[in-house]
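I have placed the structure first, in the form of structure tokens, so that the comments after it can refer back to it.
The values are calculated or read from the model by the stated rules, or taken from the named source; none is laboratory data. This one's a predicted model, so the numbers in the text were calculated from it and none came from an experiment. Neighbour counts run over all protein chains shown; Cβ positions are idealised from the backbone, glycine included.
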Amino acid sequence: MIAPLPDKNPRAPESATETGRPNSRESITYFSPVDDHEVERAPLSLHLIRRIFTYTGPYTTKRNWLFALTVLRGLQLPMLAWMIGATINGPIAGHDRRGILLYTGAFFALVVFTTVAFHFRQLFALELGEAVVHDMRSDLFRKLMTMPMSFFNRTKFGRIISRLTSDIDSVRVGVQDVAFVSIVQALQMIASAALMAWYNWKLFSIMLALAPLIWVVNRRYRREMSRELRKVQQTWSRLTSTLAESVSGIRVTQAFVRHEINAGFFRKLLGEHADNNVGMARASAVFIPLLQLKSQLFLGVMALLGGYGALRWHGWMHMDVGDLVMFFFLANLFFDPIQVIGNQYNQALTAMAGAERFFRLMDLAPDWQDAPTAKSALPLRGRVEFQNVSFEYDRGRPVLEDISFVAEPGHTVALV
């Protein structure tokens with residue numbers, strides 16, 4: 001009796017999103033979700049930060065220049081906003097043509113200087129990050145070359161690859177972005193707040209009262225987007241691993257006539273990944289307009305109160321037109337860093353998790369090492385002889401036990 005062919009469009013078994021755990025029938029290689037779980041974020045640790053920045057030691061000059069350019073960058077944008085207000089209140093209000101030309105020339109000179117400084121800040125940050133990553137990967141590779149076979153027997157290959165790739169890339173982001181971008185944004189906020197408080201502390205106080213609204217919206221946005229992005233990354237990881245397994249195991253697939261079944265599994269994974277991407281797009285479509293709306297709200301409040309003060313020649317809210325224009329620029333420089341610093345904090349936690357796993361492997365002592373008096377093996381001449389050899393990966397579970405044999409050149413010996 002001939003068994004019926006499998007359905008061309010079989011219903012794939014329950015997916016991971018339906019059952020809450022991976023289904024062993026949906027992949028060639030199955031990993032327990034508990035054993036395969038790795039922490040994505042870790043709390044900030046001064047000890048880890050110091051160890052990471054020891055890798056910048058050989059590049060002290062570049063690192064110090066980068067810190068100087070970072071501080072400079074944090075002050076330049078508020079200074080540009082201040083110069084616009086000073087130009088309006090000074091030579092423009094006084095109808096001083098020569099003064100207008102001088103102020104305009106100074107403004108464009110500062111713009112060019114700001115652009116050049118930003119170019120080198122970006123360049124030095126990327127070069128420093130790449131240099132640190134190069135040294136970390138070199139050290140880790142040398143460490144792996146000293147580990148015994150028992151380590152590779154009990155450690156998943158994917159974990160080792162992750163230490164060399166994604167974990168070190170997370171540290172790269174922490175080195176070249178998190179510290180320096182956070183310093184820029186913090187100085188930008190401080191300088192903008194100082195200028196606004198100096199020129200009109202009343203309007204600045206009213207704007208500052210709206211800051212909790214920004215914090216609530218930004219926090220909700222980051223939390224929702226992190227959840228959706230994690231779903232996308234998980235389904236993408238399953239998608240790529242399934243594709244790799246399917247290509248490497250194509251002979252087994254065709255031998256058992258499973259190509260239609262595997263195609264159904266893959267279509268289902270594609271559908272889940274597409275749904276997660278759509279979910280992330282929907283979250284962006286909701287929160288990004290809200291973030292833009294709060295900016296428009298602040299501008300509206302400033303236009304209403306500041307415009308009222310600029311039109312009145314006296315009163316508690318009086319301000320010059322140049323100060324009002326300056327406030328429009330400084331307000332964005334003050335509020336925008338809130339979201340940027342929040343994102344950098346999340347990246348810092350990810351970098352801490354990657355650094356923790358990297359240094360845990362670097363600090364791992366080999367199960368055994370050659371004795372200082374060990375002799376180098378004699379040159380092999382094609383003849384191999386085992387005399388009463390015993391060997392085990394895990395203690396108490398021998399792989400070879402009291403094995404003796406001789407393999408002459410050209411002969412093959414099989415242990416069954």
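Miscellaneous remarks
- The combined condition, being out of contact with any strand residue (DSSP E or B) (no Cβ under 7 Å at 6 or more places or on another chain), in a helix (DSSP H, G or I) and free of Cβ contacts under 8 Å to residues at least 40 places away in the same chain, is fulfilled by Arg360.
- Near pairs, Cβ below 6 angstrom, 6+ apart or cross-chain, from segment 275-291 (more than 22 Å from Gln234 (Cβ to Cβ)) to any residue that is surrounded by 14 or more Cβ atoms within 10 Å (Cβ to Cβ) and of a type in the set (A, V, I, L, M, F, W, C): Leu290/Val217
- Residue match in segment 389-398 (condition: polar (S, T, N, Q), assigned to a loop (DSSP other than H, G, I, E, B) and not assigned by TED's automatic domain parsing to the domain that holds Met149): no
- Those residues of segment 357-416 which are at positive phi and under 45 Å from the mean Cα position of the chain (by Cα), in sequence order: Gly396
- Selected residue (criterion: nearest to Arg230 (Cα to Cα)) from residues of segment 247-306 that are outside any loop (DSSP other than H, G, I, E, B) and either of a type in the set (Lys, Arg) or not assigned by TED's automatic domain parsing to the domain that holds Ser226 (or both): Arg282
- Selection of helices (runs of 4 or more DSSP H) fully inside segment 110-174 by the criterion of at least 3 residues being in the same structural domain as Asp394 (by TED's automatic domain parsing), at pLDDT 90 or above and surrounded by fewer than 13 Cβ atoms within 10 Å (Cβ to Cβ) returns nothing.
- Selection status of Gln344, outside the structural domain of Ile288 (by TED's automatic domain parsing) and under 30 Å from Ser45 (Cβ atoms): no
- Filter result for Asp402 (assigned to a loop (DSSP other than H, G, I, E, B), farther than 30 Å from Arg223 by Cβ, outside the structural domain of Ser226 (by TED's automatic domain parsing) and without any contact (Cβ under 8 Å) to a residue 40 or more places away in the chain): no
- Checked against the criterion of being in contact with a helix residue (DSSP H, G or I) (Cβ under 9 Å, 6 or more places away or on another chain), of a type outside the set (Gly, Ala, Ser), modelled with pLDDT under 70 and not in a loop (DSSP other than H, G, I, E, B), segment 22-45 contains one or more residues that satisfy it.
Here's the yes/no breakdown for (1) in contact (Cβ under 8 Å) with a residue 12 or more places away in the chain; (2) farther than 30 Å from Pro289 by Cα; (3) within 29 Å of the chain's Cα centre (by Cα); (4) loosely packed, with under 15 Cβ neighbours inside 10 Å:
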{"position": "Pro212", "(1), (2), (3), (4)": "no, no, yes, yes"}
{"position": "Val217", "(1), (2), (3), (4)": "yes, no, yes, no"}
{"position": "Thr240", "(1), (2), (3), (4)": "no, yes, yes, yes"}
{"position": "Gly249", "(1), (2), (3), (4)": "yes, yes, no, no"}
{"position": "Gln254", "(1), (2), (3), (4)": "no, yes, no, yes"}
{"position": "Ile261", "(1), (2), (3), (4)": "yes, yes, no, no"}
{"position": "Gly271", "(1), (2), (3), (4)": "no, no, yes, yes"}
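- Remark: pairs (first residue in segment 98-116, free of Cβ contacts under 8 Å to residues at least 12 places away in the same chain; second residue among the polar types (S, T, N, Q) and in a helix (DSSP H, G or I); Cβ separation under 8 Å; 6+ apart in sequence or on different chains) are absent.
- Residue match in segment 358-369 (condition: more than 30 Å from Ser170 (Cα to Cα) and either in contact with a Leu (Cβ under 6 Å, 6 or more places away or on another chain) or surrounded by fewer than 17 Cβ atoms within 10 Å (Cβ to Cβ) (or both)): yes
- Here Asp167 passes the criteria (1) within 28 Å of Leu77 (Cα to Cα); (2) in contact (Cβ under 8 Å) with a residue 60 or more places away in the chain except the one numbered (1).
- Only one entry in Leu101, Leu44, Leu48 is closer than 18 Å to Asp177 by Cβ and loosely packed, with under 12 Cβ neighbours inside 10 Å, namely Leu44.
- No other residue among Arg222, Arg238 is more than 20 Å from Gln339 (Cβ to Cβ) and of a type outside the set (Val, Ile, Thr) apart from Arg238.
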